[in-house]
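The structure appears right after this line, and notes come after that.
The values are calculated or read from the model by the stated rules, or taken from the named source; none is laboratory data. What you see is a predicted model; the values in this text were computed from it and never measured. Here the Cβ positions follow ideal geometry from the backbone for every residue, glycine too, while neighbour counts run over all protein chains shown. For accessibility, only protein heavy atoms count, side chains too; no ligands or nucleic acids. Shrake-Rupley method; radii C 1.70, N 1.55, O 1.52, S 1.80 Å.
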Amino acid sequence: MIPDYPPFYALVKDSILAEWLHTLPKQVESAFDPQRHGDLPQWLQAIHDLPDVTTERRGLNSSSVSVGLRQELTSEQFLTLETALRQLHPWRKGPFELFGLPIETEWRSDWKWDRLQSFIAPLKNRTVLDIGCGNGYHCWRMAGEGASLSVGIDPSLRFVMQFWALQRYINNPAVTVLPLGVDDLPESMAFDTVFSMGVLYHRRSPIGFLQQLKTLLRSGGELVLETLVIEGDEQQLLIPEGRYAKMRNVWFIPSVLMLERMLRRCGYKNVRTVDLSSTTVLEQRSTDWMRFHSLVDFLDPEDQSLTVEGYPAPKRAVLIANA
Ligand SMILES: C[S@@+](CC[C@H](N)C(=O)[O-])C[C@H]1O[C@@H](n2cnc3c(N)ncnc32)[C@H](O)[C@@H]1O
């Protein structure tokens with residue numbers, strides 16, 4: 001039993017994704033191979049256990065992506081809802097609210113959205129791709145801004161299942177999260193806007209990745225790139241010796257100026273940096289819905305301007321460029 005992707009396939013059969021439909025359903029099916037993750041049956045069961053109700057109430061353009069009202073559920077259904085959603089712990093990106101139940105996630109992902117939203121091309125009627133979208137929090141916000149198609153990809157099945165918990169009630173086939181990594185995408189696509197947020201530093205070949213992002217955009221389309229950066233001139237780059245803020249897979253943290261140059265060298269036009277922010281322990285923290293360690297545990301307890309490894313603490317930039 002895999003989540004209900006066919007309504008999305010039907011919707012995009014005459015769109016820029018038409019060609020991809022020759023291979024996409026098979027890719028999705030194999031991503032849901034039960035051998036791939038031992039916890040998958042438990043997550044599928046959690047989605048299956050969600051109370052069987054429908055609602056007209058959706059809130060996609062407020063900080064907390066929400067669906068349903070408290071009074072639409074009985075107390076028993078409300079308890080069933082919470083129990084099922086907790087099976088999908090840890091909830092990292094959000095916040096969400098389902099039928100009045102707040103999901104306080106590790107990240108205030110709405111803050112990231114607020115930092116970039118006024119700088120991007122208006123999303124109304126645009127097709128958008130969000131690479132490494134986690135549970136799809138920002139995909140819902142993109143739909144809230146009027147995107148005609150909001151496609152996220154993320155290889156983490158747990159996050160994909162969190163998306164499906166929301167989709168079960170929001171029920172909008174123009175928004176989807178596919179259980180895929182960036183290397184599973186077709187060689188060429190024609191999205192109006194491509195978002196890559198929190199992914200570049202995980203890539204071993206950052207320039208190759210930026211070139212690939214360009215092939216996913218139509219000519220003139222917009223890239224929204226959010227990533228970790230360090231202070232310094234266009235020659236500055238941090239490649240951590242081992243972990244960075246306890247993360248194992250961080251490869252590449254450039255200065256903003258180096259990143260802008262990389263984008264220009266890859267052929268992007270109109271490259272500009274629209275935001276630079278330090279990540280605080282208010283934006284990324286442990287909560288009741290994410291009970292593991294979080295940013296405060298990844299920083300030097302004596303000096304919060306450094307990570308526990310002695311590197312500069314996380315600072316993030318948002319860059320926008322056109323293909
Ligand atoms: C730091 S999170 C960023 C989530 C979200 N974009 C945000 O900015 O809040 C990075 C995400 O990239 C995903 N990811 C890891 N490898 C990936 C790949 N090869 N292709 C696409 N996404 C990937 C992870 O599962 C994770 O959800």
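By the scheme Lys and Arg +1, Asp and Glu -1, what is the net charge of all other residues having a beta-carbon under 13 Å from that of LYS214? Net of charged neighbours comes to +2. The protection proxy used here, the mean number of other Cβ atoms lying within 10 Å of each residue, ranks peptides 246-256, 268-278 as follows, highest first: 246-256, 268-278.
How big is D, in µm² s⁻¹, for segment 227-273 by Stokes-Einstein at 4 °C and 1.567 mPa s if Rh is the Kirkwood radius over C-alpha pairs? The estimated diffusion coefficient comes to 113 µm²/s.
Rounded to the nearest 0.05, the FRET efficiency derived from the C-beta distance between GLN236 and VAL281 at R0 = 25 Å is 0.50.
Counting heavy atoms of the protein chains alone, TRP111 has an accessible area of about 80 Å² for a 1.4 Å probe. Listed by chain and number, the lysines whose alpha-carbon sits under 18 Å from that of LYS124, ignoring those within fewer than 8 places in the same chain, form an empty set. What the Cβ-Cβ distance of HIS48 and GLN211 gives, at R0 = 41 Å and to the nearest 0.05, is a FRET efficiency of 0.50.
Exactly which chymotrypsin sites (Phe, Trp or Tyr not before Pro) in segment 141-208 are in a DSSP loop and have at most 10 other Cβ atoms within 10 Å?
Details: sites: PHE159, PHE163, TRP164, TYR169, PHE191, PHE195, TYR201; in loops: none.
Counting only loop positions with at most 10 other Cβ atoms within 10 Å, none of the chymotrypsin sites (Phe, Trp or Tyr not before Pro) in segment 141-208 qualifies.
Computed from label points 7 Å out along Cα-Cβ, the spacing between PHE119 and ARG243 is 3.1 nm. Using the average count of surrounding beta-carbon atoms within 10 Å as a protection proxy, the listed peptides 150-156, 8-14 rank, highest first, as 150-156, 8-14. Once the Cα-Cα distance is subtracted from the 0.36 nm per residue extended length, the VAL308 to ILE2 segment shows a gain of 106.1 nm.
Treating the Cα atoms of the chain as identical point scatterers in vacuum, please give the log10 of the normalised Debye intensity I(q)/I(0) at q = 0.07, 0.08, 0.13, 0.16 Å⁻¹, two decimals. With no solvent term, the Cα-only Debye profile gives -0.28, -0.36, -1.00, -1.49.
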